[in-house]
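One structure below.
The values are calculated or read from the model by the stated rules, or taken from the named source; none is laboratory data. Here the structure is a predicted model, which is why all the values come from computation and not from measurement. No Cβ is skipped: glycine too gets one built from the backbone with ideal geometry, and neighbour counts run over all protein chains shown.
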Amino acid sequence: MHAPVWATLTATLLGAGYLRPGPGTWGSAVTVVLWGALAHSIPSKQRTPMVIGLAILVIVIGIAAATQVCRASGKKDPQFVVIDEVAGQLIALVAVPLAWQTFLTSFILFRAFDIIKPPPVRQLESLPEGTGIVLDDVAAGIYALLVMQILLRIFHLLK
């Protein structure tokens with residue numbers, strides 16, 4: 001059984017999930033680069049609502065796509081599914097100033113929380129199919145967002 005093409009393309013971020021090593025890291029990196037390119041063309045006051053809206057859209061579509069791919073592959077959480085990293089990384093980029101330093105910090109924080117999986121991140125993996133695949137990364141993204149915002153305030157990087 002094969003997943004629908006739309007689901008495979010979405011779940012793998014147009015094939016980025018097949019990159020090695022570390023497909024999740026590739027998914028996050030591609031997301032940072034794409035958001036960085038897009039954000040420069042968006043007026044500054046609209047960036048935060050836009051990245052929040054994109055994250056919500058990716059979560060909704062990502063759960064559906066990941067579920068389809070999960071069922072077709074017969075695997076609980078296939079490594080090549082990276083739409084969850086897209087969602088989590090977008091959340092980690094909410095209200096982050098456009099600078100390579102803040103983008104790199106956001107990337108590192110998200111990847112760290114996604115790998116370490118502090119509670120309740122790991123527990124969310126037990127949710128069924130695409131819901132569990134995506135929501136644990138959403139939680140990791142929220143942790144990264146919180147730490148990033150604290151760092152921005154401590155170091156007065158927020159404009």
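So in the range 1-30, with the set limited to residues that are small (Gly, Ala, Ser) and part of a loop (DSSP other than H, G, I, E, B), which one is farthest from residue 109 (Cα to Cα)?
Only one residue fits best here, namely 3.
Restricting 51, 82 to those that are more than 21 Å from residue 130 (Cα to Cα) and among the hydrophobic types (A, V, I, L, M, F, W, C) reduces the list to 51. In the range 66-88, is there at least one residue being crowded, with 20+ Cβ neighbours inside 10 Å, at pLDDT 95 or above, under 12 Å from the mean Cα position of the chain (by Cα) and not in a helix (DSSP H, G or I)? Scanning the range 66-88 turns up at least one residue that is crowded, with 20+ Cβ neighbours inside 10 Å, at pLDDT 95 or above, under 12 Å from the mean Cα position of the chain (by Cα) and not in a helix (DSSP H, G or I). Of all the listed residues (109, 104, 145), the sole one being within 18 Å of residue 29 (Cα to Cα), aliphatic (A, V, I, L, M) and exposed (fewer than 12 other Cβ atoms within 10 Å of the Cβ) is 104. Each residue in the range 92-113 was checked for being assigned to a helix (DSSP H, G or I) and touching a Phe, Trp or Tyr at 6+ places or on another chain (Cβ under 7 Å), and 2 pass. Residue count for the range 63-106 satisfying the condition of being farther than 23 Å from residue 147 by Cβ and of a type in the set (Gly, Ala, Ser): 6.
Scanning the range 45-67 for residues that are more than 22 Å from residue 109 (Cβ to Cβ) and touching a residue at least 24 places away in the same chain (Cβ under 8 Å) yields 61, 63, 64, 65, 66, 67.
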